[in-house]
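Okay, so here's the structure we're looking at.
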Amino acid sequence: MIDKIQALWPEIALFITTCIVMVIGLSPSREIRKLCSPICALGLIVAGYLAYQTTPLGAGPLPHLALYGKLLVAGIGLLLLMLMAGVADREYEKAVAFEEKRRGVASGIFDAIRATRGEFYSFFLFSLTGLMLCAGADDLIWLFLALELTSLPTYVMVAISTSRNRSMEAGVKYFFLGALGAAMFLYGFALIYGGTGTTNMAQIQAELSRQVLTPGGGSINTIALLGFILAIVGILFKIAAVPMHFYTPDVYEGAASPVAAFLAFVPKSAGFFAIMLLTACVGWRFPATFGAHASAAADHGSLPEALRITLWIVAALTMTVGNVLAILQTSVKRVLAYSSIAHSGYMLVGIIAGPGTDGRFASSGLAAVLFYLLCYGVMNIGGFAVLSCLERKGRDGKMEEADSFADIRGLCHTRPLLGWIMVLSSMGLLGLPPLLGFMGKVPLFSSGLSAGEYVLVVVLGLNSAIAAYYYLRLAYAALIEKPESQPALAPITESPFPSRAYAGVLSAAGVVLIAILGGNLADQAGFAAHIRQTQPVIIDGSVHAASATSGQPEPLALADQQSPSLQQPASKEPAHP
């Protein structure tokens with residue numbers, strides 16, 4: 001129990017910060033309510049520091065994922081926090097300020113029931129806490145609760161992100177479809193438990209190893225395999241992959257741009273952490289050499305065929321549907337939404353490729369996915385930051401964000417900083433060398449080739465070419481086209497929240513600088529993708545498998561238990577670098 005608590009110090013820090021923010025958000029003083037954002041930033045910094053100092057090796061199949069995941073959450077979370085300025089309570093805070101000025105007294109019309117600033121930032125932190133818990137999960141129950149803690153706050157964030165009805169509509173739609181996805185992967189977890197007798201991931205990994213290495217050529221329990229497939233299909237909702245993608249454009253369009261940026265990274269990262277943990281339990285269980293028993297575990301380097309085919313089809317459809325439908329959009333938010341769908345398809349290529357067999361970053365699909373999550377998180381913020389910085393007065397008198405291609409036309413001429421942020425973000429997402437997107441996409445190609453997935457790599461290349469159309473369209477609108485001399489709607493103005501522009505600047509800088517100086521980050525992603533493998537050992541003439549949690553041997557039933565080729569010590573995990 002003490003070890004568990006020590007591993008949760010970053011999450012505990014975020015929880016304490018959440019409680020503080022909830023309280024100060026109810027203060028009648030506007031100056032105190034403004035402290036919500038700085039306190040959130042401080043909490044994320046403390047959580048990142050504690051993650052670096054205290055995160056131990058995990059007990060699950062990916063023992064180094066927790067440290068990488070928590071640091072990733074803290075870093076991208078700070079960028080997202082800068083983008084969130086002014087999202088909650090904007091109209092209400094304006095009314096309070098106006099009334100204070102008119103009456104000459106503080107808090108003239110303040111009503112704590114109407115205030116949502118503290119709630120919004122609390123939900124923001126709760127979701128990031130859930131994402132950290134996903135990275136460190138070693139049990140199916142823990143993973144389910146972490147996924148729900150990540151997702152549930154986002155439903156409310158979408159609904160309260162603006163005062164318009166379409167935000168409420170998007171929040172309700174997102175909630176009901178999210179409940180469907182949660183029911184699917186929870187039922188999948190139940191089947192996994194039924195097929196293995198445990199919810200502990202390390203024990204699931206060991207149990208599946210025993211099932212494969214049974215005399216006469218064993219195989220994974222059908223119930224367990226069906227559970228893995230169903231659970232992963234349910235988790236596809238989190239990453240917005242086909243066929244669970246259909247909510248994405250409407251929700252992104254209805255939510256405020258900063259919240260859409262949040263949805264593009266946080267639930268997606270949680271989903272990929274979960275998929276990596278589940279596939280590490282059921283696939284790639286053994287060392288690359290098995291001596292006389294290589295035929296007993298012929299699938300040691302891959303996923304079970306049924307699961308691999310399922311993911312293959314989903315990956316190909318996801319990247320194709322996302323890119324083709326993005327071409328047809330006139331809303332920039334919807335373009336970025338379909339772009340998010342396509343990028344999920346790209347990353348599924350890495351999941352299918354697996355961890356590789358030679359220990360190199362270039363051949364590890366899991367390392368490529370982890371590094372690409374960092375790249376995508378940095379690149380994607382730029383486009384949404386530009387949209388959140390541009391606004392106009394709507395027909396109802398309320399301010400609304402820019403969303404159409406006409407709104408970003410000629411930005412490099414009228415607002416050069418925002419224009420170049422949009423250009424760099426678009427080119428980064430396209431994967432134009434030598435920007436960050438290129439550095440993130442190359443390992444996906446190389447790992448797919450190393451795994452022999454040549455057709456899928458061709459599909460990935462073709463979709464990257466298709467994506468060039470709408471990314472170049474975004475860059476062309478901002479860089480080449482002239483701004484409208486007589487706009488049909490109210491003129492575009494800049495948002496009064498400078499931190500949104502700062503987030504865009506940091507995103508654009510990251511697109512360039514991380515590509516040049518981010519070699520160490522790629523190394524850390526490769527280290528985090530290390531899988532704890534089950535090693536057969538001989539004890540008193542009987543074959544055992546070293547437990548991934550304790551290192552103690554557990555008996556295995558093999559056709560031939562006397563082979564000297566299996567006399568290997570249990571693997572030892574390296575410490576954090």
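Computed from the coordinates by the stated procedures, all read-outs in this text should not be read as laboratory data. Remember, predicted model here, so these are calculated numbers, not experimental data. All Cβ positions, glycine included, derive from the backbone under ideal geometry; neighbour counts span all protein chains shown.
Observations on the structure shown:
- Available extension along the chain between V512 and A41 is 167.1 nm, counting 0.36 nm per residue and deducting the alpha carbon span.
- Coarse-grained scattering of segment 303-377 at q = 0.12, 0.18, 0.23, 0.25 Å⁻¹, given as base-10 log I(q)/I(0) from a Debye sum over alpha-carbon atoms: -0.38, -0.75, -0.99, -1.07
- Computed 3J(HN,Hα) for segment 239-246, one whole-Hz value per residue from the Karplus formula 6.51 cos²θ - 1.76 cosθ + 1.60 where θ = phi - 60°, is 9, 6, 9, 4, x, 9, 9, 5, glycine and proline marked x.
- Judged by the mean number of other Cβ atoms found within 10 Å, the most tightly packed of the peptides 14-22, 60-68 leads the ranking 60-68, 14-22.
- Amide proton proximity set for W284, modelled H, under 5 Å, gap of 5+: S302
- Other-chain or far-sequence residues with amide H under 5 Å of D139's (modelled H): M201
- Farthest positive-ward along segment 352-472 dipole, Cα basis, beta-carbon charges - from A367, G419, F384: G419
- From most to least packed by mean Cβ count within 10 Å, the peptides 152-163, 124-135, 446-457 give 124-135, 152-163, 446-457.
- Surrounding net charge for G440, when Lys and Arg each add one and Asp and Glu each subtract one, Cβ distance under 15 Å: +1
- Largest first and in whole Å, the equivalent-ellipsoid semi-axes of segment 302-526 read 35, 18, 13, each the square root of five times a Cα gyration tensor eigenvalue.
- Magnitude of the charge dipole, segment 302-526, Cβ model with Lys/Arg +1 and Asp/Glu -1, debye to 20: 300 debye
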